[in-house]
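Right, one structure below, let's go through it.
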Amino acid sequence: MTSTTLESQTPPSGLTEAEARRRLEARGPLPQQATSRSYRSIVIANTFTIFNLILLVFGLLTIFFGDPKDALFVGILVANMTIGIFQEVRAKRALDGLAALVAPHAIVVRDGEPRELPIGDVVVGDLVRVKAGDQVVADGRLVRAEGLALDESNLTGESEAVRGEEGRGVFSGSFVVEGDGLFEATAVGPDSRAARLAETARAFRHPRSPLERAMDRLLIVFVAVMLPLATALGISLAIRDVSQAQAVETLTAAVVNIVPEGLILLVSLTMAVSAAKMARRGVLAQQLNAIESLASVSVMCTDKTGTLTEASLRVVETIPADGVGDDDLRAALGRFAASAPSRNGTLDAVHAAQLAGDDAALEPSAQVPFSSRRRWSALELDGARYVLGAPEALLDGASAPDGSRDGAAHALRAAAAEQAATGRRV
C-alpha cells in the first residue's frame, strides 16, 4: 500500500476504531522481539563445550560397558552445566521482566481523539503524535511539524539532528530532540527500517573470554595426549585379555584423570559466586564469562545521569527573583506549562504540580519551541509573552548589534527571525 493511497484513506481525525481494529485483525499480532537470550541459546552455550564432551564420552562408556558406580565424575559435568544455566536463566528472567516494565507506548489519534496504545497495536495508516523525548515507533510521513528535530544517529550514524518538515519521511528508532509533530504510519513492526537493520544485529553471539579460550586450548592439548595414550593402553589391555568391564574401568581411570575437572569447576563456581554478589547490588550478567571481562576493567565510563536514573522530575520549591511575588511566579509557570503544545520532562513536572490551578491552559497565539541549542522556549498567551529557559541563556547572552548588553532581547529577535523563516507565526 503506497503513501498516496494511505493519504486518501486517513482523514485528519485519524482512523476510526472500527477501521483500526479491522486492520489489526488483518495484520495479526506482531512477532515478539527477543529482549534477552533464548533458553535454547543458554542451554547450548553451557552444554556443548570441549570439557563436557570429554566427560560425557567417557561417562557413557563407563555406564554402558563398565560399572556405573565408576561414572561419578559425570556429576562434575552436571554441576558445571547447572551453575552456568541457572545463573544465566536468572539474568534472562530479570531482563524480560524489566523489558515488560518499560515497554514503549505510542500516542495515536483515532476518531479525532488522542489515546495511548502499546506499539504492537499501532497499524499502518494511524496518525501518531510525537514530542521532545519520544521515540518514533514506526516508519511514516510527517503531516504536521512544529519545530521538530529528529536524532537519527541510531540509523544513519549522523550525530546532527535533522529538521522535520511536512511530507518528510521518519523512521522508527529515531528520537525527537525538540518540537512536536504528527506522522502517518506507513510501516510497523518487522516491516520498518529499524527492524530490518536490527534483525542481524540482534542475533546473539557467544564470544569466548580469554580464560575460556586458554582452557579450551589446554583441553585440546590433553585430548592430543589422550589419543595415543588411550590407543596404547587399549592395545595393552587387549593383549592381556582382560574383561570388558575391567578394560573400560582402567581406560576411563587413566584418561579422565588427565582432565582437570577441579579447575573447570572452580572457575565456574568463582564466576557464579561473583555474579550472585553483583546481582544483590542490582547488576545482571547475561553470561558468566562477563564477570571475567568486568574483573579486567580499571576505568568505567557511564552515560549521562538521565540514562541511569528514573526520568521523573518533580517541583520541590519555587524561588522568585527580587521584586516578584511567589504567587505571580507560580501562576506564570503553571500557565506556561498548561498551555505549551508539547511538554518536555521539566514542563511535565511543572504541569503536574498544578501551580496555577486546573483552568490555567490557554491557546497560544505564537510559540518558539524549546531547543537544547537555544536552551529556552517562548509562548504568547492572551497578548502576554512568556519566555522560559536557562538564566545564562536569557540574561547573559551575547551583546546586541548596537553594543548594549541586552542579550536576551537580541536572542529573542534572532530566534523569532529563525522561526518565521520556516513559515511559522512567531
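FYI, it's all coordinate maths here, none of it is from the lab. The shown structure was predicted, so the numbers you read here are calculated from the model rather than taken from an experiment. Backbone-built Cβ (ideal geometry, glycine too); neighbour counts: all protein chains shown.
Note on residue 65 and residue 322: the extension gain reaches 83.1 nm, defined as 0.36 nm multiplied by sequence separation minus the Cα-Cα distance. Each label point was placed 7 Å from the Cα along the Cα-to-Cβ direction; for residue 25 and residue 296 their separation is 5.7 nm. In this entry, the stretch 212-367 is assigned a mean projected area of 19.0 nm², taken as a quarter of its C-alpha convex hull surface. Of the residues 289, 255, 239, the one whose Cα sits farthest toward the positive end of the charge dipole of the stretch 200-300, with +1 on the Cβ of Lys and Arg and -1 on the Cβ of Asp and Glu, is 289. Computing FRET efficiency as 1/(1 + (r/R0)^6) for residue 257 and residue 44, where r is the C-beta to C-beta distance and R0 is 25 Å, gives about 0.35.
Taking a Cβ cut-off of under 12 Å around residue 274, the surrounding Lys, Arg, Asp and Glu residues balance to a net charge of +2, with basic ones at +1 and acidic ones at -1. Ordering of 241-250, 372-381 by packing is 372-381, 241-250, highest average first (other Cβ atoms within 10 Å, averaged per residue). Packing here is the average count of other Cβ atoms within 10 Å per residue, and on that basis the peptides 321-334, 72-85, highest first, run 72-85, 321-334. The amide H of residue 111, built 1.01 Å from its N in the peptide plane, has 15, 16, 17 as neighbours under 5 Å, considering only residues 5 or more places off or on other chains.
Other residues whose C-beta falls under 9 angstrom from the C-beta of residue 174 contribute a net charge of -2, scoring Lys and Arg +1 and Asp and Glu -1. Annotation: peptides 276-282, 222-228, ranked by per-residue average of other Cβ atoms within 10 Å with the highest first, follow the order 222-228, 276-282. Full extension of the segment from residue 135 to residue 229, taken as 0.36 nm per residue of separation minus the current Cα-Cα distance, would add 27.6 nm. Here's how it looks for residue 285: its modeled amide H is under 5 Å from none belonging to a residue 5 or more places away or on a different chain.
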